[in-house]
Amino acid sequence: MGNPIADIPKNALSPGDLAIDCGANIGWVTGRMLARGARVIAFEPNPHAFEVLKGAHAENPAADCRNAGVHDHDGHADLYLHHRAFEDEVHWSAGSSMLEFKGNIDPARSVRVEVVDLARLILELDEEVALLKIDVEGLEVPILNRLLDSGAIDRVRLTLVEAHDQRIPELKPETDALRDRLRREGRETSIRLDWI
């Protein structure tokens, strides 16, 4: 259920900064961002995890929790639930994915969720994003390519990403291509793949 150990760099956030947590789940990283004094937009499409996330930060005006996923376009998508979600919907919520071929999901159990074009959202903001965290169970590459292609990434100081190509082999070619692109463009320090 997520990774409660992964942390954000000490100097990545200052009080008042804006952070975006994509794939917030129940809010471990969101909570750490808020503890640093940041204002946080937290996206979580899984309805069971979202209820915990929203409840944990309902009284904090610095937390903007949104029951939606991020993508490279606006619209809706099927979110496939973990194959063990029937045992405990919150505990297994971190394994949800919009990828029907992800190994640990149940292709027969899904919920329809809203997805937000992350690049559009960032371009429409009136300020820089100090920290962007992306852990969206396999959709990281198309989202990052859209951020790069649109120029939205230039409005983000630091991006921390959990790439999933080690656990989802089908993603390896596109993830390798993204790593090559980041090297060519000199973005390896500002966009950190394999954060976790």
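Points worth noting:
- Exactly one residue among R120, R112, R167 is under 22 Å from L18 (Cα atoms), surrounded by fewer than 20 Cβ atoms within 10 Å (Cβ to Cβ) and more than 14 Å from the chain's Cα centre (by Cα), and that residue is R120.
- Residue list for the stretch 57-107, restricted to those being surrounded by 21 or more Cβ atoms within 10 Å (Cβ to Cβ), touching a Leu at 6+ places or on another chain (Cβ under 9 Å) and free of Cβ contacts under 8 Å to residues at least 40 places away in the same chain: A63, Y80, I105
- For first residues located in the stretch 139-164 and within 15 Å of L121 (Cα to Cα), partners that are surrounded by fewer than 22 Cβ atoms within 10 Å (Cβ to Cβ) and not hydrophobic (A, V, I, L, M, F, W, C) and lie 6+ apart or on another chain with Cβ distances below 6 Å form the pairs I143/D72; R146/D72; R155/E128.
Residues checked against (1) polar (S, T, N, Q); (2) in contact with a Leu (Cβ under 8 Å, 6 or more places away or on another chain):
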{"site": "G151", "(1), (2)": "no, yes"}
{"site": "L158", "(1), (2)": "no, yes"}
{"site": "H164", "(1), (2)": "no, yes"}
{"site": "D180", "(1), (2)": "no, no"}
{"site": "T189", "(1), (2)": "yes, no"}
{"site": "I196", "(1), (2)": "no, no"}
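- Residue pairs whose Cβ atoms lie under 6 Å apart, separated by 6 or more positions or on different chains, with the first residue in the stretch 18-29 and under 17 Å from N67 (Cβ atoms) and the second modelled with pLDDT under 95 and part of a loop (DSSP other than H, G, I, E, B), are N25/G2.
- Checked against the criterion of being touching a strand residue (DSSP E or B) at 6+ places or on another chain (Cβ under 7 Å), outside any helix (DSSP H, G or I), within 27 Å of K10 (Cα to Cα) and not basic (K, R), the candidates A163, A130 yield just one match: A130.
- Subset of the stretch 138-156 (residues that are acidic (D, E) and in contact with a His (Cβ under 8 Å, 6 or more places away or on another chain)): E140
The values are calculated or read from the model by the stated rules, or taken from the named source; none is laboratory data. Keep in mind that what you see is a predicted model, and the values were worked out from it rather than measured. Cβ coordinates were reconstructed from backbone atoms using ideal geometry, including for glycine residues, and neighbour counts include every protein chain displayed.
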